[in-house]
Each structure stands twice: as C-alpha cells, then as structure tokens.
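Heads up, the thing below is written out as structure tokens.
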Amino acid sequence: MDSWILKGVKHLVNEPTSVNITSSTQVKIKVTHLMLTDFDDVLYNGGFDVVYPKIPGRAAVGIVMETGDNCYGLEKGTRVYFEPTRACGECLECKSGRPKECTTVESAGKDFDGFMRDFVVCEYNEVAPLPDSVSDFQALCIETIAIAENIYDKLNLSAGQRVAIIGADFSGNIIAQVLQYHKITPIIIDNNAYNLENAKRCGIYYAFAGDDDLENNLNSATSGNLCDAAVYCATSRLPLSLATRLVSNGKTVVISCQSEINATLSARDVLNKNLRVLGVSQAYDYTDTVINMLVHNAVDVDHFAKEILTEYNPAALFAERSATAVKKSKMTILKMVL
Ligand SMILES: [Zn+2]
C-alpha cells in the first residue's frame, strides 16, 4: 500500500506499508483524494523545520474502511475529511483543558504525518464526516475556507466595511468570498488577468490590477476613504508595502500565507498609520463551521480550474512544481481510488 515519505529536502520516496487499528477509538481510512497545496511545496523544498521522515499531504478526503468499538458518528463507508491541524496536548492551554486555545497547534506534514498514502489509521475525532451535499473538491478546500473565516473573525468588522485583498489566487479569492458572505465588501488586487476574471466569475465586484490606476480605482471604490483592513496573500507577488498604503489610520493588516514569504514591512509605515499587523496561517477547530458554510453555499469553488490525476508520481510532481517559477493557476488533485 503506497505511502509517500519525505526523507529529507526534495527527497520523496514510496515505502509501501500496511497499517492496522490498535485501539477502540481508532479508524482505518482509505484516502480517496488529495490536493497538492502551497504548504506541501514549502515542505518538499525544505522551507519548514521538520524532523524527517514525514509523510506530506494535508488536504485530503477518504472513506472509512474499519472502526474500533468506540468511534462515534463514523461507520464503514462514511466519507470523511482529515483534520490538517491538531492541538499539541502539551501547552498550558491544552493542559488546562482548553485545546481550542492551543498555542502551538500542530500541522499535518510538518509536525505529524500527512495523508499522501493509501491508508491512514487515526483517532476517530481526527476526521470529520462529510454530508452528501459537500463534494470531494469542496471538502479539499475546507482548510483554505477555514483560514478565511479565521481572518474574518480576527478582523471583527461590521457589514459594509471594505477590505483590500492583495493576491487573488485560490486563497485570496476564497478570502474575498468569505468576507462577502459576511456582508463585508472585498476589493481584490492582483496583476494576474486570470485571477481577476475568476474573482468576477465568483461574484466579487471590485477586482483591480496593481497598476498606476490602482489609487484612482480604490478611491472610487471607497469614496476616497481607503480600506478598513488589508489582507496580504503571499503568492500575489505584489509588494507587502501595498497593504499599508491601502488602509486608513488605525486599521489592520493581515498577512496570510502558507508559502514562503521574504517580504518586509516598513516599521515607519506601520507607525505612521498606527496600524495593527496580524499573521494568520492556520485555523484549528473551524472544520465544523466550514462544513456548515459549504452546505449553505457560502463559497463557490466551481470556478477554479483543476486537474484530476489518476496516474501520477508525487516525487516528479513536486519536482516540477518547485522548478516552475510561475505558479500554475490549476489545482492539482490526486485521485487515489479508482
Ligand atoms: Zn496545545
């Protein structure tokens, strides 16, 4: 049974293994679909501190094959989403019985093994059952939507306020949609024509290029008041300093990314405008909220171009992704069950 293991930087090998349930609260799951993420690319390229070996893959769904006697809400055949993050169990919050406030949340592929393998045995509460109305692709988007929802919660804005989103690839687009679902007005800024068009297809009204017209465009969209917050997505390739320029005094800049970012923010810009700067890169404990959002069609993911591969060599795929400077605008999904 295939199991792809990262043994070191850019060193991914398949070491077939078999896994079995060893306690009454464990489930055995056949992984059916796995989406390659920016996080996996960073992992493959050695961008995180990782103790090898580790199995990559953090956006995955599967089908329950076998359950222990004490696995509530799951049975053979249940379709499930794998939680990509777990509370550490070690920090003060975890030890005080508040795992939802864990200060060192662990991540699949980095702190514990991810899901790029045929079978996973895990605790029953480390997966979430999926309603029939949530498609496999929607489920693969859960963490990205969860991060967007986490950003919305942290911004604490009210209806009608405006948020600039710098970078409108997959995650920027989803952040815009989630804000719009909550009646916040997103203003997308990106230099990629496909991303701007896709934002419009997803119902985002304001989508501007980061060019010389941006200031005028933004002024007309905000009646000259600038934005109430800005969210910077790392894959945008636009300067981080743009985020501080687009917001008015005393507002918030969120930096959100799961890819490598070497941009710098000027302390002078932050101080001159008395800004609050937040980093949001994960969303522990948001899965149930997001599944409920998907059931209510809060986010439209049908417009994202995707390739579904039934024959693949993950090592070659990662090598190809790290070699191309321009990110593919297509989501890559491995279909692991035929
Ligand atoms: Zn903890």
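For this structure, a couple of remarks:
- Residue that is most open to solvent (accessible area, probe 1.4 Å), among those in region 114-146 that are of a type outside the set (A, V, I, L, M, F, W, C) and part of a helix (DSSP H, G or I): 125
- Evaluation of residue 107 against (1) within 16 Å of the ligand (Cβ to nearest atom); (2) buried (at least 23 other Cβ atoms within 10 Å of the Cβ) (one fails), failing number: (2)
- Residues that are assigned to a loop (DSSP other than H, G, I, E, B) and within 21 Å of residue 332 (Cα to Cα) occur in region 26-39; there is at least one.
- Residue 28 vs. criteria open to solvent by 30 Å² or more (accessible area, probe 1.4 Å) and over 15 Å from residue 320 (Cα atoms): yes
- Test set (1) under 23 Å from residue 36 (Cα atoms); (2) outside any helix (DSSP H, G or I); (3) of a type outside the set (Val, Ile, Thr); (4) open to solvent by less than 20 Å² (accessible area, probe 1.4 Å) - residue 229 fails condition number: (1)
- Condition met for residue 150 (open to solvent by less than 20 Å² (accessible area, probe 1.4 Å) and either in contact with a Pro (Cβ under 6 Å, 6 or more places away or on another chain) or not small (Gly, Ala, Ser) (or both)): yes
- Test: residue in region 82-104 that is within 16 Å of the ligand (Cβ to nearest atom), under 17 Å from the mean Cα position of the chain (by Cα) and open to solvent by 30 Å² or more (accessible area, probe 1.4 Å): yes
- The listed residue being modelled with pLDDT of 90 or more, open to solvent by 60 Å² or more (accessible area, probe 1.4 Å) and not in a strand (DSSP E or B), out of 288, 269: 288
- Filtered residue count, region 164-176, keeping only those that are out of contact with any Phe, Trp or Tyr (no Cβ under 7 Å at 6 or more places or on another chain) and open to solvent by 10 Å² or more (accessible area, probe 1.4 Å): 2
The values are calculated or read from the model by the stated rules, or taken from the named source; none is laboratory data. Note that the structure is a prediction, hence the values are computed from the model and not measured. Ideal geometry is used to build each Cβ from the backbone, glycine not excepted, and the neighbour counts take in all protein chains shown. Surface accessibility is based on the protein's heavy atoms, side chains included, excluding ligands, DNA and RNA. Shrake-Rupley method; radii C 1.70, N 1.55, O 1.52, S 1.80 Å.
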